[in-house]
Ligand SMILES: [Zn+2]
């Protein structure tokens, strides 16, 4: 499943979401007090990810049969 990684930006997250409030939406704001460092477009929607979540998301979505990474890095925000 392809995912797209962005540098974290609250504006990428919909109004009223955890990511928009500046919290980690992968772990949830109650379970995780870390600041998100990346925003991921995943098949399940936009996820704000702390460094720990980044590794989990990339493990979950970027593995393919060939072992090739499918993470596309966006340069829009750089
Ligand atoms: Zn987290």
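Where a number appears in this text, it was derived from the coordinates with a stated rule and is not lab data. Here the structure is a predicted model, which is why all the values come from computation and not from measurement. Note that we place each Cβ from the backbone using ideal geometry, even for glycine, and neighbour counts take in every protein chain shown.
Tabulated values for the structure
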item	result
Gain on full stretching of the segment that runs from residue 33 to residue 59 - 0.36 nm per residue minus C-alpha separation	7.2 nm
Label zone at residue 52, where the point sits 7 Å out along the Cα-to-Cβ direction: the range 1-44 residues whose backbone N lies under 16 Å	23-38
